Amino acid sequence: MAAEAADRDRDRMPPLIRAVVVDDHPAMRAGIAAVLENAPDMAPAGQAASGAELWPVLERTAPDLVLMDWHLPGDDGLVLCHRVKRRFAGMRVVLYSAYADDWLIVPALLAGADALLAKRAPAPALYEAIREVMARDTPPEVTLTREQHLALTGALDPQDVGLAGLLLLRTPLREIAARSGLGSSELRERIERIITSVSAAHGPGVTFDG
């Protein structure tokens, strides 16, 4: 009877959200993994210190979500986020940073991130962000102020402004390629250039309405 009751309890529990943690500081990785283990509906699936380490971890564990630091050795977290989203279309990515101010939200959106969180955020805020991201059926709507739009266009070459707009609308890359007439390699280079250019420009705020 006890075994049957335990089986029924397991059947009623929601599936675990399995997350890979990407951070170049071992203590930070261990800390976030411990926080995930304390949530009843989450579990750490693996860890990586860089983009080079991340790919085999993703292939091996097939997680639901990646928690990724913005500052990483080699490719930064924004570019790496875009590459993850391009390679694993259904995988969610939450970026976190010690400098998660409003200005970083736009490059995070351009990179395809599903959420942005400050490293100083307490565990309940991390849980809430992860659950909200996993429950969301559609990408968040983006509301740009006039000042933000001007800052965005000012940070880009004129030929990249239209591509940035399509990225903010979460237009599928296949559709962007068809509209722009760019090959996959050139499109990838252009998008990564847009992300790095905008992330270098500190602009005014933008809001998620998701």
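The values are calculated or read from the model by the stated rules, or taken from the named source; none is laboratory data. Computed from a prediction, not measured in an experiment: that's the story for all the values here. Please note: Cβ atoms are built from the backbone with ideal geometry, for glycine as well, and neighbour counts cover all protein chains shown.
Observations, loosely collected:
- Residues of the stretch 158-192 satisfying the condition of being at pLDDT below 90 and on the phi > 0 side of the Ramachandran plot: 170
- When the stretch 63-75 is filtered for residues that are modelled with pLDDT of 95 or more and outside any strand (DSSP E or B), the ones remaining, listed by number, are 63, 64.
The rows are residues; the columns are (1) among the aromatic types (Phe, Trp, Tyr); (2) in the same structural domain as residue 198 (by TED's automatic domain parsing); (3) in contact (Cβ under 8 Å) with a residue 12 or more places away in the chain.
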site: 83; (1), (2), (3): no, no, yes
site: 96; (1), (2), (3): yes, no, yes
site: 113; (1), (2), (3): no, no, yes
site: 121; (1), (2), (3): no, no, yes
site: 128; (1), (2), (3): no, no, no
site: 146; (1), (2), (3): no, yes, no
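- Subset of the stretch 166-198 that is closer than 17 Å to residue 78 by Cα and not hydrophobic (A, V, I, L, M, F, W, C) - its residue that is surrounded by the fewest Cβ atoms within 10 Å (Cβ to Cβ): 189
- Residue 120 satisfies every condition listed in (1) assigned to a loop (DSSP other than H, G, I, E, B); (2) touching a helix residue (DSSP H, G or I) at 6+ places or on another chain (Cβ under 8 Å); (3) over 20 Å from residue 192 (Cβ atoms) except (2).
- Enumeration of residues in the stretch 130-142 that are over 17 Å from residue 29 (Cα atoms), in a helix (DSSP H, G or I) and touching a residue at least 24 places away in the same chain (Cβ under 8 Å): 131, 132, 133, 134
- Search result, residues across the stretch 76-117 that are of a type in the set (Lys, Arg) and either part of a helix (DSSP H, G or I) or farther than 25 Å from residue 34 by Cβ (or both): 83, 85, 86, 87
- Residue ID - nearest to residue 127 (Cα to Cα), chosen from residues in the stretch 32-52 that are exposed (fewer than 14 other Cβ atoms within 10 Å of the Cβ) and small (Gly, Ala, Ser): 34
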